[in-house]
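Notes for the one structure printed next.
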Amino acid sequence: MKLAARALSLGILIVASGSVLAQAGPYLGGALGQSTLKEWCDTGGSTTATLAACEDTDTGWKLLGGYRFNRYLAAEASYIDWGEVTATVRSGTQTVGVKASQHSYGLAAVGTLPIGERFEVFGKAGFLKTEQEATSTRTVKRDDTEFHYGVGAKYAFTRNWAVRGEWEKTDKLKVELLSIGVEYRF
């Protein structure tokens, strides 16, 4: 009888711990990864300019915070530093170095599909305010509001802590970030 009661108690505890991981509430997180500015190394069909060197990847990072309404839906705010890209452009006898840095902040809806007690996959879509500053012989600034989307997976290794891997992209600047990070749920 005691063995059956203990087994039942253990079963209830396991089921309850799985449902605790998917409860509603706020969360914070951060991630680090590699960003790629997809069209940076494209000369746009120019016949007078050539690229002597081009680096379209850098280390990117982000901070995020959100609120999970239920186990399937959340709203998430984020700040993303996409890093800095560089290029050396030759036109005739002149060589010019160009660099650009970009960052964004925005809001997205996150849809989650739990797979088991601790693992889940998610997709997100929303809008970002993206700012880019390109510098060569002069500085050019670009501000865009753009569509932002991504997919990822998350594994909760405790009730409050999870590790998350994610790929995300913007539609106008065409910058991507492949990252891994942590999330803390309150």
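List of remarks:
- Subset of the range 155-179 [of a type in the set (Val, Ile, Thr) and either part of a strand (DSSP E or B) or surrounded by 13 or more Cβ atoms within 10 Å (Cβ to Cβ) (or both)]: Val163, Thr170, Val175
- Pairs, first within 24 Å of Gln94 (Cβ to Cβ) and free of Cβ contacts under 8 Å to residues at least 12 places away in the same chain in the range 131-147, second charged (D, E, K, R) and assigned to a strand (DSSP E or B), C-beta under 6 Å, six or more apart: Lys141/Glu133
- Just one of (1) touching a Leu at 6+ places or on another chain (Cβ under 9 Å); (2) closer than 16 Å to Ser179 by Cα fails for Gly152. It is (1).
- Ala125 being assigned to a strand (DSSP E or B), at pLDDT 90 or above, among the hydrophobic types (A, V, I, L, M, F, W, C) and in contact with a helix residue (DSSP H, G or I) (Cβ under 9 Å, 6 or more places away or on another chain): no
- The condition (being among the hydroxyl-bearing types (Ser, Thr, Tyr), loosely packed, with under 13 Cβ neighbours inside 10 Å and either farther than 19 Å from Thr57 by Cα or more than 16 Å from the chain's Cα centre (by Cα) (or both)) is satisfied by just one residue among Thr135, Thr112, Thr145: Thr145.
- Identity of the residue in the range 68-94, out of contact with any Gly (no Cβ under 6 Å at 6 or more places or on another chain), over 30 Å from Ala24 (Cβ atoms) and touching a residue at least 24 places away in the same chain (Cβ under 8 Å), that ends up surrounded by the most Cβ atoms within 10 Å (Cβ to Cβ): Val85
- Only one of Gly33, Gly65, Gly97 that is without any contact (Cβ under 8 Å) to a residue 40 or more places away in the chain and closer than 23 Å to Asn160 by Cβ: Gly65
The values are calculated or read from the model by the stated rules, or taken from the named source; none is laboratory data. Here the structure is a predicted model, which is why all the values come from computation and not from measurement. Quick reminder, even Gly has a Cβ in these numbers, built from the backbone with ideal geometry, and neighbours come from all protein chains shown.
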